[in-house]
Amino acid sequence: MKEVFKKIEIYKNSKRKKAVMLNVLLFFTILFILFIWIYFKPQFIRTKIGIVLTVIAMILVIFFNSKMKDTFSKINENQSNFDYLNNLKSIKIQENYLQTKIMSVYFVLLSLGIVLYIYEYLSMMKPIVQSVFYLALILWIGFNWFVLRPRIIKKNQRQINDLIGQLERIENQLVEE
């Protein structure tokens with residue numbers, strides 16, 4: 001039982017560290033984007049809308065990521081196995097929501113924001129350069145959406161499912177005895 005709690009503690013600390021690092025990275029990215037807006041002074045309204053959509057997407061992830069970090073903080077070994085298991089299941093539900101719904105909204109807003117942002121700068125280039133750049137962007141967005149995103153979701157779900165399964169087995173053994 002101690003080994004399972006140790007694995008859960010390692011998982012919990014890892015997720016909290018990743019959440020903090022992601023929030024810091026997104027915060028500095030937002031500052032950089034705002035610096036670009038102020039320094040380069042885009043002329044088109046589409047460019048400004050693209051910047052706003054990108055920043056909104058990042059703020060959305062920071063908000064929900066912070067909520068997840070708080071949920072991890074609520075779990076401790078002093079809880080009953082039942083409460084511990086229920087908290088893990090709650091984390092699983094929240095992570096699933098974050099990884100499916102919130103990340104989907106994030107990718108859509110970020111992709112739309114980038115497309116709108118680069119429109120102004122690409123409009124000054126030759127059509128062939130525009131086509132190549134847009135094609136590369138669409139391929140990159142597709143790769144993220146259809147390859148990387150599903151892999152990350154499966155990996156995260158597998159980790160939490162394994163921990164919940166181990167804790168449920170222990171709980172069932174305790175009930176049987």
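The values are calculated or read from the model by the stated rules, or taken from the named source; none is laboratory data. A quick note: this is a predicted structure, and the numbers were derived from the prediction, not measured. All Cβ positions, even for glycine, are placed from backbone atoms using ideal geometry, and neighbour counts span all protein chains on display. Heads up: the accessible areas ignore ligands, DNA and RNA and are worked out on the full protein's heavy atoms, side chains in. Shrake-Rupley method; radii C 1.70, N 1.55, O 1.52, S 1.80 Å.
With respect to the stated conditions, SER80 fails to be closer than 21 Å to THR54 by Cα and of a type in the set (S, T, N, Q). Has the stretch 132-141 got at least one residue that is under 17 Å from the mean Cα position of the chain (by Cα), of a type in the set (A, V, I, L, M) and either over 30 Å from PHE72 (Cα atoms) or open to solvent by less than 50 Å² (accessible area, probe 1.4 Å) (or both)? Scanning the stretch 132-141 turns up at least one residue that is under 17 Å from the mean Cα position of the chain (by Cα), of a type in the set (A, V, I, L, M) and either over 30 Å from PHE72 (Cα atoms) or open to solvent by less than 50 Å² (accessible area, probe 1.4 Å) (or both). For the stretch 30-65, a residue qualifies if it is within 25 Å of the chain's Cα centre (by Cα), open to solvent by less than 40 Å² (accessible area, probe 1.4 Å) and not hydrophobic (A, V, I, L, M, F, W, C), and the qualifying residues are THR47, GLY50, THR54, ASN65.
Does ILE114 satisfy being farther than 30 Å from TYR84 by Cα, in a helix (DSSP H, G or I) and open to solvent by 90 Å² or more (accessible area, probe 1.4 Å)?
No; evaluated as a whole, the condition is false for this residue.
Of all residues in the stretch 142-171, those being open to solvent by 90 Å² or more (accessible area, probe 1.4 Å) and within 20 Å of the chain's Cα centre (by Cα) number 6.
Residues are listed down the side, and each one gets a yes or a no for (1) aliphatic (A, V, I, L, M); (2) in contact with a strand residue (DSSP E or B) (Cβ under 7 Å, 6 or more places away or on another chain); (3) in a helix (DSSP H, G or I):
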{"site": "SER104", "(1), (2), (3)": "no, no, yes"}
{"site": "ILE118", "(1), (2), (3)": "yes, no, yes"}
{"site": "MET125", "(1), (2), (3)": "yes, no, no"}
{"site": "VAL129", "(1), (2), (3)": "yes, no, yes"}
{"site": "LEU137", "(1), (2), (3)": "yes, no, yes"}
{"site": "PHE143", "(1), (2), (3)": "no, no, yes"}
{"site": "ILE152", "(1), (2), (3)": "yes, no, yes"}
{"site": "GLN166", "(1), (2), (3)": "no, no, yes"}
{"site": "GLU171", "(1), (2), (3)": "no, no, yes"}
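If you take the residues of the stretch 6-21 that are surrounded by fewer than 17 Cβ atoms within 10 Å (Cβ to Cβ) and touching a residue at least 24 places away in the same chain (Cβ under 8 Å), which of them is farthest from ILE75 (Cα to Cα)? Ranking the qualifying residues of the stretch 6-21, first place goes to VAL20.
On the given criteria, is PHE82 touching a residue at least 24 places away in the same chain (Cβ under 8 Å), more than 28 Å from VAL132 (Cβ to Cβ), assigned to a helix (DSSP H, G or I) and over 24 Å from the mean Cα position of the chain (by Cα)? Lay out the reasoning, then the answer.
Values: touching a residue at least 24 places away in the same chain (Cβ under 8 Å): yes; more than 28 Å from VAL132 (Cβ to Cβ): yes; assigned to a helix (DSSP H, G or I): yes; over 24 Å from the mean Cα position of the chain (by Cα): yes.
So PHE82 passes the test.
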